[in-house]
Amino acid sequence: MTPEQSAWFAETFDALVANVGEALLGKDHVVRLALTCMLAEGHLLLEDAPGTGKTSLAKAIAATVQGTHSRIQFTPDLLPSDVTGVTIYDQNTRQFSFHQGPVFASVVLADEINRASPKTQSALLEVMEESRVTVDKVSHSVGRPFMVIATQNPIEQAGTYRLPEAQLDRFLIKTSLGYPDHDSMIEILSGSAERDRTAHLTPKITTNAVAEMAELASTVHADAAVLDYVARLVESTRTDAQTALGASVRGGLALVRCGKVWAASQGRTYVIPDDIKLLVEPVLAHRIILDTEAEFAGVTARQVVGRILADTQPPAARI
C-alpha cells in the first residue's frame, strides 16, 4: 500500500462511518469495528438487548456500500433450507431450479442465532466459512462482499442453543452496541416520526470498491515485532491460570487482519502495537473459555484479556 492509497482508504473509511452514523447515532466506535470486520472479510457477533439498533446497523451498512440486506429471525423450527435455499422442481420446464435463501445478500442479519437448532446454526456457519452454498452437490457463491451480523440476547436464555466454542471461533469480532448516551437519545426521540433512519441513506461506494478496499488492506505491512506481540498475546490466553481453553491460531490471524484494516483506516501503511491493543478484546475475548473456578468467581473473559494485555509488553517497551 502506498501513502496515497492509505490516504484514500482513510478518507473513504471515514465517509462510510459518517454515513452509517446518520442512522446509528452516538455509536462511532462500534460502527468502525463493524466496518473493520467487513473489510477484513469476517463476520460480526453482537450480544445485545432488543431495541439497541442491530437491524439498523445491518441495513445502514448495506445501504452505504450499495449492497443488499436480508434479515433472518432464528426460531427453534427454522430449517437449514430456510436459510440457504432449496431446489424446486418446475413442472413447466421439467427441470430442477435453485431458489436462493435469505443468506444470499451483502449483509445478512441473523437475529437471535442461539434460538435455532444446532443443525440450522451449522448451515449458516458453513456459508460464513466457505462463502458458498452447496445444495444437491451444486455450489452457489453468495458473492462479495458477504458479511453476517449475528445477534444474541444476553438476558433470556430459556429455549436457546448456546453456540459451541468452535462456532464462536468463526466470528471475527464480538461486541455490543449498548444503549445510546443521553444527547443521542434526545436526538433519536426528536426524530421519532421517522420510523426508518436508514431509508434516506445514499451509497458512498459500490460493492466492487469494498472488495478492492479489502484487498488493499491486506497489503498493509505488519512488522515481525508486531507479529511477535500478537503471538505472545494469543499464547498467554492458553497458559493463563483462569482459562480452560485459549485463543486458537485463527484468533491470531483474525487479530492481524483486523489490525491491518484498522491501520489503513487511520491513514497508515503499517500496523502499530496500539492497533492491536485496541482490537484484542473484541477479537479474542469470545474465543476464550474460562475454567470452572474462575467462572463461579464471576470472572469474565474480557477481564482476563485485559489483564493479559496489561501483563504483555508491547514491542517498543521490551528491553
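Miscellaneous remarks
- In region 28-96, a dipole from Cβ-located charges (positive for Lys and Arg, negative for Asp and Glu) runs towards its positive end, and of F96, C37, T75 it is F96 whose Cα lies farthest in that direction.
- Net charge dipole, region 102-164: roughly 100 debye, given to the nearest 20, about the Cα centre with Cβ charges of +1 for Lys and Arg and -1 for Asp and Glu.
- Residues whose amide H comes within less than 5 Å of that of R71, counting only those at least five positions distant or on another chain, are L109 (H built at 1.01 Å from N in the peptide plane).
- Calculated P(r) of the chain - Cα pairs past 29 Å, %: 40 percent
- Within-13-Å neighbourhood charge of E165 [Cβ basis; K, R +1; D, E -1]: +4
- Using a probe of 1.4 Å on the protein chains alone, the accessible area found for K277 is around 80 Å².
- Helix 301-311 and the longest principal axis of the Cα set of the chain meet at an angle near 30°.
- Accessible surface of E41, taken over heavy atoms with a 1.4 Å probe and every protein chain present, rounds to 90 Å².
- Applied to region 107-115, the Karplus parametrisation 6.51 cos²θ - 1.76 cosθ + 1.60 on θ = phi - 60° returns per-residue 3J(HN,Hα) values of 10, 10, 8, 9, 7, 6, 4, 7, 8 Hz, with x for Gly and Pro.
- Taking the convex hull of Cα positions in region 1-139, its mean projected area over all directions (nm²): 11.1 nm²
- The distance linking region 261-296 with region 1-75 is 18 Å (Cα centroid to Cα centroid, whole angstrom).
- Residue among I173, I288, I88 with the largest mean-square fluctuation in a Gaussian network model of the chain, springs linking Cα atoms under 10 Å: I88
- Residue with peak Gaussian network fluctuation, the chain [Cα springs, cutoff 10 Å], from G143, G252, G267: G143
- Helix-only CD estimate at 222 nm, as mean residue ellipticity for the chain, using -39500 (n - 2.57) per DSSP H run (n ≥ 4): -14000 deg cm²/dmol
The values are calculated or read from the model by the stated rules, or taken from the named source; none is laboratory data. Quick caveat: nothing in here was measured; it's all calculated off a predicted structure. Reconstructed Cβ throughout: ideal geometry from the backbone, glycine too, with neighbour counts over all protein chains shown. Keep in mind that these areas ignore ligands, DNA and RNA; they rest on the heavy atoms of the full protein, side chains included. Shrake-Rupley method; radii C 1.70, N 1.55, O 1.52, S 1.80 Å.
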